Amino acid sequence: MTFSEIKGFLVSPETSTVKDALYYLLDQRTYDEDIVKLVAKFLTNPDKGIRDLAIDCLMTLPGEFKQTASQEIVHLIASQNIVLRNIVAEILTKYGDVCYDYLKPYLSHPNGEIRQFALDIWGNIGSQKDWVLVQNLLNDEDKNVVVSAIIALGNMRQIEVVNDLIVKFKADEEYIPFVLNALGKIGSESAKDFVLSLLNTETDQFIQFTAIDALSNFPVDSDFVDFLLEKLPNVPKQIQPYFLKVICNIGKRYCPGKRLPEHLREIARAALKEEELEIRQSALMALGKTYQPADIEFLVFELNRFEDSTTETIITNLMHSEDYNLISCFVEKIALQKDASDVFNFIFEVLFKGWEKFPRENRLNFMKSFLSLVDNFSEMVLTDYCDRFSRYDSNLFTDAFRKSYSELNFEGKSKLKEVGLRYGLL
């Protein structure tokens, strides 16, 4: 279609004809400024189908027409229709800083809600263009505008405003989480020093938690992770699990091979008792792939939560361990629990999923450890478990049985003998 034909379709009184033109524009992206202005008007059309097509056209508009579209639709951010306002905000955010000249007047709008909305759009774009105007809005009479200004300056990563943000941090506790998050995004040395100072001076738990979260936004290196690890034992005990989580998240991104120093291992074990899953996952990450005897109690505690992700991590690491005694200790610790059968049923699902990938000696040791504890299981449970072992790895089960049978005392042998007879192993 020619430009003239497209415009003729767009002004048609027939809904279907207008939709045909919009579908054509979506497909061919054939625009001039007049066509863009016509499409922009459809954002308020009573027909939802036309509105949706117009939105799609504006969202995919060629770059050279984004200024024209911005000029045509920006007034809608002052609409009483919140859905329409959000749609326009999404379109303008996608356009980036080409919309700024038309958005700028709304940053000084007499209505605080509209100022805030315009500022949210500009903040999401994150351009540093005319950042001083946003800085001035830190002194706006409307607190919501101030919050949006803080967020916007963080997204702009504007180093020059760090001191202004610190002033706002001290001015009103409502601003605290937003300031800390903004400082984390800015990431300058002065921002980092201020956030770290809070871990030494603040007693308010909320501020400590927020400061710890802000640390995860800073660009860091391996030395910074070491610095945080040095601080870990000195922060209040109740904060340590959250601090550990942040350190692990930072370490995963910037130095994945770093190991937790031995003297901090107890903090990671204690974090496995926390309710928040992400903290417990971080604790397992901190403990690493090589477990120690002192870890077993805490690992078994975690298994009793029946959480798939942590169970897979524990079983995989344990079954690749070079310390065979750890597996025996692990199996025994579970077997002595009241609900041992429930835990074994759960971990067996994970265990047998990766069974062939585990070293043969570890698989053998797991079976032996289990069979040596036969007196702790009912006949029905024992039969069920031995059926699984026999089905998944019959030859290894035979070896494990014979070694266990030869090592058991007389009392244990009687029950194990029944197993041997049942499977033709004696």
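The values are calculated or read from the model by the stated rules, or taken from the named source; none is laboratory data. Keep in mind that what you see is a predicted model, and the values were worked out from it rather than measured. All Cβ positions, glycine included, derive from the backbone under ideal geometry; neighbour counts span all protein chains shown.
Of the conditions (1) in contact with a helix residue (DSSP H, G or I) (Cβ under 7 Å, 6 or more places away or on another chain); (2) free of Cβ contacts under 8 Å to residues at least 40 places away in the same chain; (3) among the hydrophobic types (A, V, I, L, M, F, W, C), VAL132 satisfies every one except a single condition; which number is it?
(1)
Looking at the stretch 223-232, can you tell me whether even one residue there is under 30 Å from LEU260 (Cβ atoms) and assigned to a loop (DSSP other than H, G, I, E, B)? Talk me through it step by step, then tell me what you get.
Looking only at the stretch 223-232, we keep the residues that are under 30 Å from LEU260 (Cβ atoms), and these are 223-232.
From what is left, the residues that are assigned to a loop (DSSP other than H, G, I, E, B) are none.
The answer is no; no qualifying residue exists.
Report the residue count in the stretch 170-187 for those that are within 23 Å of ASP142 (Cα to Cα), touching a residue at least 12 places away in the same chain (Cβ under 8 Å) and part of a helix (DSSP H, G or I).
Looking only at the stretch 170-187, we keep the residues that are within 23 Å of ASP142 (Cα to Cα), and these are 170-183.
The next check asks that each one be touching a residue at least 12 places away in the same chain (Cβ under 8 Å); those that pass are 172, 174-183.
Now narrow it down to the ones that are part of a helix (DSSP H, G or I): 174-183.
Qualifying residue count for the region: 10.
Go through the stretch 43-74 residue by residue and tally those that are assigned to a helix (DSSP H, G or I) and either under 20 Å from GLU5 (Cβ atoms) or of a type in the set (Val, Ile, Thr) (or both). I'd like the intermediate steps shown before the answer.
First, the residues of the stretch 43-74 that are assigned to a helix (DSSP H, G or I): 43-44, 48-59, 63-74.
If we keep only those that are either under 20 Å from GLU5 (Cβ atoms) or of a type in the set (Val, Ile, Thr) (or both) as well, we get 44, 50, 53-55, 57, 65, 68, 73-74.
Result for the stretch 43-74: 10.
Report, by residue number, each residue of the stretch 233-242 that is among the polar types (S, T, N, Q) and either assigned to a helix (DSSP H, G or I) or in contact with a His (Cβ under 7 Å, 6 or more places away or on another chain) (or both). Break it down stepwise before answering.
Step one: of the stretch 233-242, the residues among the polar types (S, T, N, Q) are 234, 238, 240.
Residues satisfying the conditions are ASN234, GLN240.
If we scan the stretch 114-121, do we find a residue that is farther than 30 Å from VAL167 by Cβ and part of a helix (DSSP H, G or I)?
We begin by selecting, within the stretch 114-121, every residue farther than 30 Å from VAL167 by Cβ; these are none.
No.
What is the residue count in the stretch 363-377 for residues that are out of contact with any Asp or Glu (no Cβ under 8 Å at 6 or more places or on another chain) and more than 17 Å from LYS333 (Cα to Cα)?
Going through the stretch 363-377 one residue at a time, the tally reaches 0.
Looking at (1) touching a residue at least 24 places away in the same chain (Cβ under 8 Å); (2) in contact with a helix residue (DSSP H, G or I) (Cβ under 7 Å, 6 or more places away or on another chain); (3) under 26 Å from ILE239 (Cα atoms); (4) surrounded by 19 or more Cβ atoms within 10 Å (Cβ to Cβ), which one does SER190 not meet, given that it meets all the others?
The single condition SER190 does not satisfy is (4).
Residues LYS273, LYS258, LYS245: which one is in contact (Cβ under 8 Å) with a residue 24 or more places away in the chain, in a helix (DSSP H, G or I) and basic (Lys, Arg)?
Numbers: LYS273 fails: in a helix (DSSP H, G or I); LYS258 fails: in a helix (DSSP H, G or I).
The match here is LYS245.
Is it the case, given these coordinates, that ASN200 is at pLDDT 90 or above and part of a helix (DSSP H, G or I)?
On the way: at pLDDT 90 or above: no; part of a helix (DSSP H, G or I): yes.
It is false that ASN200 is at pLDDT 90 or above and part of a helix (DSSP H, G or I).
Residues of the stretch 286-320 being loosely packed, with under 14 Cβ neighbours inside 10 Å, within 22 Å of the chain's Cα centre (by Cα) and either closer than 19 Å to LYS368 by Cα or hydroxyl-bearing (Ser, Thr, Tyr) (or both), which ones?
Of everything in the stretch 286-320, just one residue is loosely packed, with under 14 Cβ neighbours inside 10 Å, within 22 Å of the chain's Cα centre (by Cα) and either closer than 19 Å to LYS368 by Cα or hydroxyl-bearing (Ser, Thr, Tyr) (or both), namely SER309.
Checking TYR95 against (1) touching a residue at least 40 places away in the same chain (Cβ under 8 Å); (2) surrounded by 15 or more Cβ atoms within 10 Å (Cβ to Cβ): exactly one of these is not met. Which one?
Here TYR95 meets the rest and fails (1).
Kindly indicate whether ASP213 is at pLDDT below 95, surrounded by fewer than 16 Cβ atoms within 10 Å (Cβ to Cβ) and either touching a Ser or Thr at 6+ places or on another chain (Cβ under 7 Å) or acidic (Asp, Glu) (or both). Before the answer, list the steps.
Details: at pLDDT below 95: yes; surrounded by fewer than 16 Cβ atoms within 10 Å (Cβ to Cβ): no; either touching a Ser or Thr at 6+ places or on another chain (Cβ under 7 Å) or acidic (Asp, Glu) (or both): yes.
Spelling it out, it is not the case that ASP213 is at pLDDT below 95, surrounded by fewer than 16 Cβ atoms within 10 Å (Cβ to Cβ) and either touching a Ser or Thr at 6+ places or on another chain (Cβ under 7 Å) or acidic (Asp, Glu) (or both).
Just wondering, is there one or more residues in the stretch 57-71 that are in contact with a Phe, Trp or Tyr (Cβ under 6 Å, 6 or more places away or on another chain) and either among the hydrophobic types (A, V, I, L, M, F, W, C) or modelled with pLDDT under 95 (or both)? Outline the logic, then answer.
First pass over the stretch 57-71, keeping only residues in contact with a Phe, Trp or Tyr (Cβ under 6 Å, 6 or more places away or on another chain): 65-66, 70-71.
Filter again for either among the hydrophobic types (A, V, I, L, M, F, W, C) or modelled with pLDDT under 95 (or both), leaving 65.
Yes.
Could you identify the single residue in LYS237, LYS258 that is modelled with pLDDT of 85 or more and surrounded by fewer than 20 Cβ atoms within 10 Å (Cβ to Cβ)?
Numbers: LYS258 fails: modelled with pLDDT of 85 or more.
Among LYS237, LYS258, only LYS237 is modelled with pLDDT of 85 or more and surrounded by fewer than 20 Cβ atoms within 10 Å (Cβ to Cβ).
Looking only at helices (runs of 4 or more DSSP H) that fall completely inside the stretch 1-42, which ones have 3 or more residues that are within 20 Å of ILE91 (Cβ to Cβ)? Give the derivation first.
Details: elements: 3-10, 15-28, 33-41.
Here the list reads 15-28, 33-41.
Anything in the stretch 156-184 that is surrounded by fewer than 20 Cβ atoms within 10 Å (Cβ to Cβ), under 27 Å from the mean Cα position of the chain (by Cα) and under 27 Å from PRO105 (Cβ atoms)? List them, or say none.
Correct list: ARG157 only.
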